[in-house]
Amino acid sequence: MRAVVHDRYGPPTVLRLEDVERPVPKVDEVLVRVHATTVTQTDCHMRRARPFLWRFMLGLLRPKRRILGLEFAGAIEAVGAAVTEFAVGDRVFGLRNCAHAEYVCVRQAGLLAHMPEDATFEEAAAVCDGMSQGLAGLRNGRVGRGTRLLVYGASGSCGTAAVQLAAYLGAHVTAVCNTKNVELVRSLGADEVIDYEREDFTKNGATYDVVFDAVGKHSLVRSRGSLVPGGLYVATDRLYNLPLAFLTRWLRTKKVVFGVSGYKRESVLLLKDLLDAGKYRAVIDRTYPLEDVVEATRYVESWQKTGNVVLTVNGGRAR
Ligand SMILES: NC(=O)c1ccc[n+]([C@@H]2O[C@H](COP(=O)([O-])OP(=O)(O)OC[C@H]3O[C@@H](n4cnc5c(N)ncnc54)[C@H](OP(=O)(O)O)[C@@H]3O)[C@@H](O)[C@H]2O)c1
């Protein structure tokens, strides 16, 4: 099968298509023919091995796992003998390492679910990563009904997910994005939208229970004045937030919490329900064929994408 591989850490040009062995499903696994996958910021961190800490997981000198990619949507081509929940031909989506390939094997009890009836493969591939990260951040921020929440970076993959999920949870959502995305973010359920090109939310006097930095470009120091006493700044990036989270944990003042996403099966299943009920939607900026993975990755690394960037495999399929 064809897959995107890399043998060293570096810029997007280290990625190339290569023929590799097709994985064989174990007894409790399904073999998925991938129709769509995505390029995420996580793929980019792993490919660059930045921050350096990634190397302790991925391989000190070179990547042990040659294929990147996390999100996928496709159709089941084969099932292991112990698989009962899925059958050949089922349309499925989820999260699995090595998704930048024509096939992936996924445990039936893993991060896998049947696709929502009306979703395209592109849409189903573009929801799990941002949603998992958004949900983790909202949970860490203890966001629920009535929470006054500000989402900074509301137009990204995590940001568009956080806005939708927070609205679903009943929070009062103020979203911060640039002019071109104001209407999109409002349509996702934000109660108020601040266009950062016209207004600095840290200077308008409004305060929030939680500031969720969904893009990892803000800080507790800059957003302190916008938090109520005891308010939480939820970080998604920047390692210095880890010691800050530890230090501020014991203080009765404004705190940092670090929203690392542990990918969970229950999140994928919740997502399927929300998509089925029309309470969540995929936000897709651009779609590239798998062959253009370098170009797609460059675009993701520009930090300008709105929502998600999809890769279609063998032309993808609309349904
Ligand atoms: N903790 C975890 O487990 C985990 C998992 C995955 C990802 N992450 C991290 O989460 C962060 C977000 O990832 P993502 O995939 O959601 O990012 P993304 O989709 O690539 O973010 C792009 C968006 O961010 C906005 N943006 C860029 N720079 C900005 C700035 N300085 N101020 C405000 N908005 C800005 C852009 O909007 P404009 O056009 O308005 O600039 C664009 O819409 C990343 O740092 C990633 O590493 C963490």
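Pairing each residue of region 135-152 that is more than 18 Å from Val215 (Cα to Cα) and without any contact (Cβ under 8 Å) to a residue 12 or more places away in the chain with any residue that is charged (D, E, K, R) and more than 16 Å from the ligand (Cβ to nearest atom), provided the two are 6+ apart or on different chains, yields no C-beta distance under 9 Å. Within region 219-230, if we keep just the residues that are modelled with pLDDT of 95 or more and outside any helix (DSSP H, G or I), the residue that is surrounded by the most Cβ atoms within 10 Å (Cβ to Cβ) turns out to be Leu227.
Just need a number here: residues in region 67-76 that are free of Cβ contacts under 8 Å to residues at least 60 places away in the same chain and on the phi > 0 side of the Ramachandran plot. Counting residues in region 67-76 that are free of Cβ contacts under 8 Å to residues at least 60 places away in the same chain and on the phi > 0 side of the Ramachandran plot gives 0. Looking across region 207-236, the residues that are within 16 Å of the ligand (Cβ to nearest atom), more than 16 Å from Thr147 (Cβ to Cβ) and touching a residue at least 24 places away in the same chain (Cβ under 8 Å) come down to Val215, Gly216, Lys217, His218, Leu220, Ala235, Thr236.
Set side by side, the residues Ala36, Ala81, Ala49 differ, and just one is of a type in the set (Gly, Ala, Ser) and within 16 Å of the ligand (Cβ to nearest atom), which is Ala49.
Among the residues making up region 163-196, a single one is among the hydroxyl-bearing types (Ser, Thr, Tyr), surrounded by 15 or more Cβ atoms within 10 Å (Cβ to Cβ) and assigned to a helix (DSSP H, G or I): Tyr168. Scan region 239-275 for residues that are crowded, with 16+ Cβ neighbours inside 10 Å and in a loop (DSSP other than H, G, I, E, B) and jot them down. The answer is Lys254, Gly259, Ser261, Tyr263.
Return the total of residues in region 64-109 being in a loop (DSSP other than H, G, I, E, B), closer than 29 Å to Leu239 by Cβ and out of contact with any Asp or Glu (no Cβ under 7 Å at 6 or more places or on another chain). Full working, then the answer.
Applying the first criterion (in a loop (DSSP other than H, G, I, E, B)) to region 64-109 yields 64-66, 68-70, 80-90, 96-100, 102, 108-109.
Still in the running and closer than 29 Å to Leu239 by Cβ: 64-66, 68-70, 96-100.
Keeping just the survivors that are out of contact with any Asp or Glu (no Cβ under 7 Å at 6 or more places or on another chain) gives 64-65, 96-98, 100.
Of the residues in region 64-109, 6 are in a loop (DSSP other than H, G, I, E, B), closer than 29 Å to Leu239 by Cβ and out of contact with any Asp or Glu (no Cβ under 7 Å at 6 or more places or on another chain).
Count, please, the residues in region 1-53 that happen to be among the charged types (D, E, K, R), within 20 Å of Leu112 (Cα to Cα) and surrounded by 21 or more Cβ atoms within 10 Å (Cβ to Cβ). Full working, then the answer.
Keep residues of region 1-53 that are among the charged types (D, E, K, R), which gives 2, 7-8, 16, 18-19, 21-22, 26, 28-29, 33, 43, 47-48, 50.
Still in the list and also within 20 Å of Leu112 (Cα to Cα): 22, 26, 28-29, 33, 43.
Adding the requirement that they be surrounded by 21 or more Cβ atoms within 10 Å (Cβ to Cβ) leaves 29, 43.
The number of residues fulfilling the criteria is 2.
Taking residues in region 44-66 that are within 19 Å of Ala3 (Cβ to Cβ) and in the same structural domain as His100 (by TED's automatic domain parsing), and partners anywhere that are modelled with pLDDT of 95 or more and surrounded by fewer than 13 Cβ atoms within 10 Å (Cβ to Cβ), the pairs with Cβ atoms closer than 6 Å and at least 6 places apart or on different chains are Arg62/Arg8.
The values are calculated or read from the model by the stated rules, or taken from the named source; none is laboratory data. Small disclaimer: the values here were computed from a predicted structure and weren't measured. Ideal geometry is used to build each Cβ from the backbone, glycine not excepted, and the neighbour counts take in all protein chains shown.
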